[in-house]
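Worksheet for the structure shown next.
The values are calculated or read from the model by the stated rules, or taken from the named source; none is laboratory data. Note that the coordinates shown come from a computational prediction; the quantities given were computed from them, not determined experimentally. Cβ coordinates were reconstructed from backbone atoms using ideal geometry, including for glycine residues, and neighbour counts include every protein chain displayed.
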Amino acid sequence: MPNQGQGHVVWLDNLFTSSKLLSTLRDLGIGAAGTLGWKGAQLVLFMTTISNGKRKIFGTRRRPKAKDRWLKEVFRGQPFKKLDIPEFIGMYNYLMNGVDRADQIQSYYRTNRKQYRTWRPLRNFLFETTICNSALIWIDQRHGEKKKLGHLEFCMKLAKQLMSYSSSPKHTIPIDGEGVRTN
């Protein structure tokens, strides 16, 4: 099921990847790919529903420091080499560390305080993830002036819109001359 630029692809690590999960996602029309086993510098097992593995791309690879015989044969003393790799492996390598990047972006503008109740940290995590993903989509659609300040600009506009909505007469109840209470 090639993605063809439509829909989503879920990238998984070896903790979550299973054939049952990938089969279910494929039946739902969701592309998925992920690692099954990680063995240091050895070969990595990979499972995907988005490619049959026949489409190849060229990827420049730096020679690893390991002194395995098969690496010496492939690189022949060259520090870099263009290798013919499956397209989905190139996509995986390009999109790797997406979770780490998302965590970094979310850490810039935290919205929550420490909570010890079970549901509040989950709610805050989902809220921050939604804001972060919405900001990335908004920036990607060229709304933000600079990518560096785009997240802050998005958050400021979102906050203003939410506050203007909640302070409109339709959504407020006056309290004995003390000000305004929002519903």
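For this structure, a couple of remarks:
- Tally, over the range 98-125, of residues that are surrounded by 12 or more Cβ atoms within 10 Å (Cβ to Cβ) and at pLDDT below 70: 2
- On the stretch given as the range 126-169, residues that are among the charged types (D, E, K, R), at pLDDT 65 or above and farther than 13 Å from Ile105 by Cα total 5.
- Here Ala33, Ala66 are screened, and the one residue that is surrounded by 11 or more Cβ atoms within 10 Å (Cβ to Cβ), at pLDDT below 80 and not in a loop (DSSP other than H, G, I, E, B) is Ala33.
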